[in-house]
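Okay, structure first, notes after.
Rule-based calculations on the coordinates, nothing more; no lab input. Fair warning: this is a prediction, and the values are worked out from it, not measured in the lab. Positions of Cβ are backbone-derived with ideal geometry, glycine not excepted, and every protein chain shown enters the neighbour counts.
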Amino acid sequence: MTLASPPRPRHADRRHPSGRTPCPAGTFVWNELRVREVEKAKAFYARTLGWTYEPFGGGEHEYWVAKAGDAYVAGLMDLTPPGMAGAPAGWFGFIEVDDVDARVAEAKKAGAQVFREPFDIPGVGRIAVLVDPTGAEIGWMTSATQG
């Protein structure tokens, strides 16, 4: 599914989701919930937090953006497609970095493994997924700037 104009999460202009202050490098800028029971998760967060959802197309997996009022607050990814069988369900965070390509190169030297090399998501930014030396997965992102 592809949207004509995909939603632009507020973090994409390097601002905190509140829109008040820039997100400095080294801070968490986005969280997504990765689950196998998408509708159950959507219903839970809609009921308990009042979230609504918009589909966000164009990727390899079905993805929704959760909203609290007008603010984009999180992503929701379906883990049922082929190739995702062993992926753990749970919350996953992204940290803002100044240059994802340079930071990934440095992370490799520091003992990280790259789960997903840097790639672009139009209107959002450039993203990579790493496994740090302790075995923890983390996303790093250089957000797109508004132009």
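The simple spin-label model puts a point 7 Å past each Cα toward its Cβ; for A46 and D101 those points are separated by 4.2 nm. Charged neighbours of F119, selected by a Cβ distance under 11 Å, balance to -2 (K, R count +1; D, E count -1).
Extending 7 Å from the Cα toward the beta-carbon at both A89 and F119 defines two label points whose distance is 2.3 nm.
With both labels modelled 7 Å from their Cα along Cα-to-Cβ, the K109 to D132 distance reads 1.9 nm.
Rounded to whole Å, the principal axis extents of the Cα atoms in the range 10-143 read 44, 39, 26, largest first.
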